[in-house]
1. For region A:198-239, which residues satisfy the criterion of being closer than 22 Å to residue A:149 by Cβ and among the aromatic types (Phe, Trp, Tyr)?
2. Any idea which residue in region A:74-108 is modelled with the highest pLDDT, counting only those that are among the aliphatic types (A, V, I, L, M) and within 13 Å of residue A:227 (Cα to Cα)?
3. Tell me, which residue of region A:250-287 that is closer than 22 Å to residue A:328 by Cβ and outside any helix (DSSP H, G or I) is farthest from the other protein chains (Cβ to nearest Cβ)?
4. Kindly indicate whether any position in region A:67-87 is free of Cβ contacts under 8 Å to residues at least 12 places away in the same chain, more than 26 Å from residue A:144 (Cα to Cα) and away from every other protein chain (no Cβ under 14 Å).
5. Of the conditions (1) assigned to a helix (DSSP H, G or I); (2) out of contact with any Cys (no Cβ under 7 Å at 6 or more places or on another chain), residue A:328 fails just one. Which one is it?
6. Residue A:23 passes all but one of (1) surrounded by fewer than 20 Cβ atoms within 10 Å (Cβ to Cβ); (2) away from chain B (no Cβ under 14 Å); which number fails?
7. Residue B:69 versus (1) assigned to a helix (DSSP H, G or I); (2) surrounded by fewer than 13 Cβ atoms within 10 Å (Cβ to Cβ); (3) within 13 Å of another protein chain (Cβ to nearest Cβ): which is the lone unmet condition?
Amino acid sequence: MLIMRHELLLIAITVILLIVEIFLPNTQKHKIILPAILLMAAVTVIGFFPGTPGVLFGGMFQSTQLTMMFKNILNIGVLIVFIQSVDWLKQDQNKEKISEFFLLMLATLIGMNYMISSGDFLMFYIGLELATIPVAALAAFERLKEKSAEAGVKLIFSSALSSGILLYGLSMIYGTTGTMYFADVAPLITGVPLQVLAFIFFFAGMAFKISLVPFHLWTADVYEGAPVNVTSYLSVISKGAAVFIFTIILYTVFSKIAVMWSDLIYVVTILTITVGNLFALRQQNLKRFLAFSSIAQAGFILLGVIGQSQLGMTTVIYFVLVYIFSNLGAFGVVGIISNRTGKENINDYDGLYRTNPNLSLVMMLALFSLAGIPPLAGFFGKFFLFTAAAKQGYYILVLIALINTIISLYYYLLVIKAMLLNNSDHPIAKIRSDNYTRLGLLICVAGMVIIGFTSSIYEMVFNLSFGLY
Amino acid sequence: MSAESLILFFIVGAFLVGFAIVFSIFVAPTSTNPQKAEPYECGIPTEGLTWLQFNVGYYLFAIIFLIFDVEAVFIFPWAVVMKEMGMIAFVEIVIFFFVLGLGLLYAWKKGALKWE
């Protein structure tokens, strides 16, 4: 099979959808929804056929079993986002730009795929930009709403800043080693001061994208202002892809100075988890709440990154997989309620269980999974992360993370309490969700439950991560 | 590792930039007159507030121009290796033009080329 199969397929369906969009009259734009979802589903299924690993363009593009599997995970996530967005896209304000939503999403996905398979810093950077810039357009999708436009502007500014920092770091790497290929750079990283500085710049640039704590300030505003479906995409898929390539680069390129970056990540992990959790405690808007909870989750992911090991790589991928289903489930419920009623505050969810039992059950499962309650997949994700960190001897770090898990349990339960226990005179009226929304939420719930019970997925990831570093 | 060299790097960097700015203030000959203070916009002084909203059409034209400008940059290296690579290079550039053409068609369909 083709080495660049995932990317070529995605480009192909993007071009097909663009042609369809050009020849569809303005009143018929909604007809693109079903073909777009079906094409994406087809690409997702085709992605699972076994492919051949290989290297293209003299090492700029490298495809391994691991990257192929991660691309499949991203495909599934984007498919769920597509399905969940249908209800929002059918609103009057979006009727004329339905196809643009799909095109921009696919463009970012292509960018992420190239970023993940990059074997060269230039390729990595191009992929990163392709994955970032269309998202800013998506964040400003409801451009007549002030908050949405603000979110787009904030995203483009913060990503421009972070890209600048990242590029500065990359230029220093080039300056000290004379090459941009990961494989050639790795043996030349000796820990001279300029390389350490380069690494810090690189780290800062990536920390912006993953929204780790000293660089998280854009997150809450952008997540609140952007449309819910774009927010869910930002918080799960962009973040997942960035974490993945970040881990790979740390493990392969910077493995020689692992002692230094372990210390850095140690501090950043503690800060990220704690600050994310403490800010999440006080949020009333559910989108902001989920934004801070996603910052905290990014901190948990770093637990697996620290202390370079096969187990670490495995747990990171596994956690991202679990996190995609859990967070998309939570955002799916917030999205449908926000679309139908415009209500986004936790107080508005009082008594939701009486009127919308199914939605509140999905929300409850998703939040339990995010918090890490045993039968659901989120528990195993966190458990493995803690194991990976503990195996490397970071006991104090694990202890702090555990304390933070308990704090996070409190605020996740606040939402559940509002839905199940609180009474309200004006609860949200019964929402009749369409089949797309139901399907999207069903996939999320199925993912959360099934991944929790099947250990073979974890073992598969573990085997694929072997020999990476 | 030696952190001193990093600190030195920052100090020297800050010093060099600061020195260049301060030095030019002292050394450069300065002369001020009313004509010099006028904004240069085709020689005519501006009327009223200049903080106006620009027609978004300017940006659309600029962006479309930019896309095709950058495209030209990609064609030059292609033209250099075209003879050696033969048919493959030709097919590749056709695909490239096809995708770009689609982009232009899209902009056209959306009315970006219409000046209002």
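The values are calculated or read from the model by the stated rules, or taken from the named source; none is laboratory data. Given the structure is predicted, the values throughout are model-derived calculations rather than measurements. No Cβ is skipped: glycine too gets one built from the backbone with ideal geometry, and neighbour counts run over all protein chains shown.
1. Matches in region A:198-239: A:208, A:218, A:223, A:233.
2. Within region A:74-108, the match that is modelled with the highest pLDDT is A:81.
3. So, considering only residues that are closer than 22 Å to residue A:328 by Cβ and outside any helix (DSSP H, G or I), the one farthest from the other protein chains (Cβ to nearest Cβ) is A:283.
4. No, that holds for no residue.
5. Unmet for residue A:328, out of (1) assigned to a helix (DSSP H, G or I); (2) out of contact with any Cys (no Cβ under 7 Å at 6 or more places or on another chain): (2).
6. Every listed condition holds for residue A:23 apart from (2).
7. (3)
Okay, residues lined up against (1) in contact with a His (Cβ under 9 Å, 6 or more places away or on another chain); (2) in a loop (DSSP other than H, G, I, E, B); (3) modelled with pLDDT under 85:
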{"site": "A:422", "(1), (2), (3)": "no, yes, yes"}
{"site": "A:428", "(1), (2), (3)": "no, yes, yes"}
{"site": "A:442", "(1), (2), (3)": "no, no, no"}
{"site": "A:445", "(1), (2), (3)": "no, no, no"}
{"site": "A:451", "(1), (2), (3)": "no, no, yes"}
{"site": "A:456", "(1), (2), (3)": "no, no, yes"}
{"site": "A:463", "(1), (2), (3)": "no, no, yes"}
{"site": "A:467", "(1), (2), (3)": "no, yes, yes"}
